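The values are calculated or read from the model by the stated rules, or taken from the named source; none is laboratory data. Given the structure is predicted, the values throughout are model-derived calculations rather than measurements. Here the Cβ positions follow ideal geometry from the backbone for every residue, glycine too, while neighbour counts run over all protein chains shown.
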Amino acid sequence: MNMKPIEARSGNYNLKNYEETYNDFNWEDVKKQFSWNETGKVNIAYEAIDRHADDPSMKDKVALHYSAPGREETLTFEDLKKKSNQFANVLDKYGINKGDRVFLFMPRSPEFYMSFLGILKKAAIAGPLFEAFMEQAVHDRLEDSEAKMLITTPDLLERVPQDKLPHLKQIVLVGDTTGFEGDQYIDFQKEMNEASESFDVEWVDLEDGMLLHYTSGSTGKPKGVYHVHNAMIQHYATGKWVLDLKEDDVYWCTADPGWVTGTSYGVFAPWLNGVTNVIRGGRFSPDDWYETIAKNNVTVWYSAPTAFRMLMSAGSEPVNKYDLSSLRHILSVGEPLNPEVIHWGMEVFDKRIHDTWWMTETGAMLICNYPCMDMKPGSMGRPIPGVEASIVDNEGNELPPRQMGNLAIKKGWPSMMRQIWKRPEKYESYFINGWYVSGDSAYMDEEGYFWFQGRLDDVINTSGERVGPFEVESKLIEHPAVGEAGVIGKPDPERGEIIKAFITLVDGYEESDELLEDIRQFVKKGLSAHAAPREIEIKDKIPKTRSGKIMRRLLKSWELGLPTGDTSTLEE
Ligand code: 6R9
């Protein structure tokens, strides 16, 4: 996997010199960017929207450019200020108070963003849910958070088991409300039409809550990861250094706001930096995606390996139809970024795809590739300024370079989660010896670049060798016949575990013993004998989460005939 680094191209980047900035860094300097630094009045939605709307040179700038099949809409910073004020007034009218949980269960739409910002202005806590969730998933999250209000659409309401949610008092419906009788139903459009466009933003403390993101662990029920307004410091800073956002950028983050990437980087980072934000609704298709870039002249694009792999499999026909020359910076998150994908990006976009590593729990990017930095394909990059990362053993002792262990972050970065909702013991269990231990396994090289190996639960031990599934998967997809790959360890009496690969075949290839043997040899020659899968099974699809992560845990349960555990985030 160690390939030649891809050198940085020169350019006028916000982060000019990684080492210098890292060594001479102070979060206090970042805090000076915020209006609360002088006024003492804190609210993340104010900093993201109102602050620009109140600036005569910014108020008419496009904040949100929304497009979906059949709908297109453009909102300026001033528009968004007014609309979110109106919604904050609606919340006020219906008795929502500071700290109340207000959940959103709806597709990406302008109404989503107005409501989301309104919730924050009212000092309540927003809980975004994936629109694809089915009844049990919706129930578990609303019950655990004791949400008082839900914003949803009439269509999705059938997946909300209202009779089993005693805390849920009000349901705001976005869409046609004919036939919905009862005091609990609130008509979004009707209320918005009646609400005032001015609202006195509720000022909060930096440590007050704003966001509850549910995330599924490998076992058990999803946990509520609680974030506070203070996170804005890091959203802003990483937007500047890593996304390299500048005044004239048109930015597109492809993530759904049900996933932390769709809030931290689909809402906060671009707007805190005063940048035009493109939101695309509807389903993924290569044509729609390329068209979104071409039509909006997207300059900075943040997506995920699964999407890049799908675009890659779609071949050069769709990509050649569009003018993508507006793109100047491309980034990825959510899963290991296969070197193959980076090389594809160099070919079709003539740009490097910059990997970034972080988690729901970390609230913002922590280990990244920067435009000013040489990139080693397969590595996640280096920690952001102001953050210390390391590899530790199970007792929290630091390990030397090249030794695989727990990827850990020195406790206390600005966007760190502050609670696991109602589970203090779970929260404490993340921290060992002053380190936040991520549950990812990785190693660091001599130059301080971090290399992801797998979730700790996913690392395979075969004949005494530790093998990360990512390396094997990356090699597998380099084979022309392989579309996607998911690799697990399968218990074996002799070897501890053997490597089993699940793959999809690229169109035009047929399953045969010769082909499987060829794929096995390809990994053996390209990676190592002990990393070559002993078993390969062909599937129509590899199971993935809504955020595009391969669900190796599910592959393993299927293989071993075990219960599948929580699958609420499984993509259909
Ligand atoms: C933002 C987000 C977190 C887990 C994380 C890791 C995997 C994320 C990655 C990556 C390799 C990267 N992950 N980024 N693995 N390289 N650049 O994804 O949050 O949904 O909570 O997932 O995703 O395993 O621990 P979340």
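Out of 486, 454, report the one residue that is over 17 Å from residue 341 (Cβ atoms) and assigned to a strand (DSSP E or B).
454
Identify all residues within segment 1-36 that are surrounded by 12 or more Cβ atoms within 10 Å (Cβ to Cβ) and polar (S, T, N, Q); write none if there are none.
Within segment 1-36, 14, 17, 21, 33, 35 meet the criteria.
Filter segment 263-283 for residues that are within 13 Å of the ligand (Cβ to nearest atom) and either among the charged types (D, E, K, R) or touching a strand residue (DSSP E or B) at 6+ places or on another chain (Cβ under 7 Å) (or both) and give the result.
Across segment 263-283, the qualifying residues are 263, 265, 266.
Restricting segment 169-219 to residues that are touching a residue at least 40 places away in the same chain (Cβ under 8 Å) and touching an Asp or Glu at 6+ places or on another chain (Cβ under 7 Å), which is farthest from residue 139 (Cα to Cα)?
201
Filter segment 455-485 down to the residues that are within 27 Å of residue 314 (Cβ to Cβ) and within 14 Å of the ligand (Cβ to nearest atom), then identify the one that is modelled with the lowest pLDDT.
First, pick out the residues of segment 455-485 that are within 27 Å of residue 314 (Cβ to Cβ): 469-485.
Narrowing the set further to residues that are within 14 Å of the ligand (Cβ to nearest atom) leaves 469-471, 473-474.
On the way: 469: 89, 470: 88, 471: 84, 473: 93, 474: 89.
Among those that are within 27 Å of residue 314 (Cβ to Cβ) and within 14 Å of the ligand (Cβ to nearest atom), it is 471.
Could you tell me whether residue 292 is assigned to a helix (DSSP H, G or I) and within 12 Å of the ligand (Cβ to nearest atom)?
No, not satisfied.
Across segment 54-70, which residue is surrounded by the most Cβ atoms within 10 Å (Cβ to Cβ) among those that are of a type in the set (A, V, I, L, M) and touching a strand residue (DSSP E or B) at 6+ places or on another chain (Cβ under 8 Å)?
Among them, the one singled out is 63.
Look through 426, 422 and report the one residue that is among the basic types (Lys, Arg) and within 16 Å of the ligand (Cβ to nearest atom).
426
Every residue in segment 18-75 that is of a type in the set (D, E, K, R), without any contact (Cβ under 8 Å) to a residue 60 or more places away in the chain and under 19 Å from residue 119 (Cα atoms), please.
Within segment 18-75, just 51 meets the criteria.
Filter segment 442-477 down to the residues that are surrounded by fewer than 18 Cβ atoms within 10 Å (Cβ to Cβ) and of a type in the set (Asp, Glu) and list them by number.
Selection gives 445, 446, 447, 457, 465.
Restricting attention to segment 77-84, does a residue exist that is polar (S, T, N, Q) and either outside the structural domain of residue 184 (by the TED database) or in a loop (DSSP other than H, G, I, E, B) (or both)?
Step one: filter segment 77-84 for residues polar (S, T, N, Q), giving 84.
Next cut, either outside the structural domain of residue 184 (by the TED database) or in a loop (DSSP other than H, G, I, E, B) (or both) only: none.
No: zero hits.
Can you tell me which residue within segment 438-449, out of those that are over 19 Å from the mean Cα position of the chain (by Cα) and not hydroxyl-bearing (Ser, Thr, Tyr), is farthest from the ligand (Cβ to nearest atom)?
Applying the filter and picking the extreme gives 446.
Can you tell me which residue among 363, 334, 378, 412 is surrounded by fewer than 19 Cβ atoms within 10 Å (Cβ to Cβ) and on the phi > 0 side of the Ramachandran plot?
412
Of the residues 257, 222, which single one is away from the ligand (no atom under 12 Å from the Cβ) and under 17 Å from residue 131 (Cβ atoms)?
Criteria check complete, one pass: 257.
When both residues are 6+ apart or on different chains and their Cβ atoms are under 8 Å apart, which pairs have a first residue that lies in segment 498-525 and is under 12 Å from residue 479 (Cβ atoms), and a second that is charged (D, E, K, R) and in a helix (DSSP H, G or I)?
Correct list of pairs: 501/473; 522/475; 522/478; 523/475.
Given segment 299-389, what strands (runs of 3 or more DSSP E) lie entirely inside it while holding 3 or more residues that are within 14 Å of the ligand (Cβ to nearest atom)?
Numbers: elements: 300-303, 329-332, 353-357.
The qualifying strands (runs of 3 or more DSSP E) are 329-332, 353-357.
Of all residues in segment 532-572, how many are in contact with a Lys or Arg (Cβ under 9 Å, 6 or more places away or on another chain) and more than 23 Å from residue 308 (Cα to Cα)?
14
Residue pairs, Cβ under 8 Å, 6 or more apart or interchain, first in segment 297-326 and in the same structural domain as residue 351 (by the TED database) and under 13 Å from residue 286 (Cβ atoms), second more than 16 Å from the ligand (Cβ to nearest atom) and part of a loop (DSSP other than H, G, I, E, B). List them.
What qualifies is 307/284; 310/284; 313/506; 324/349.
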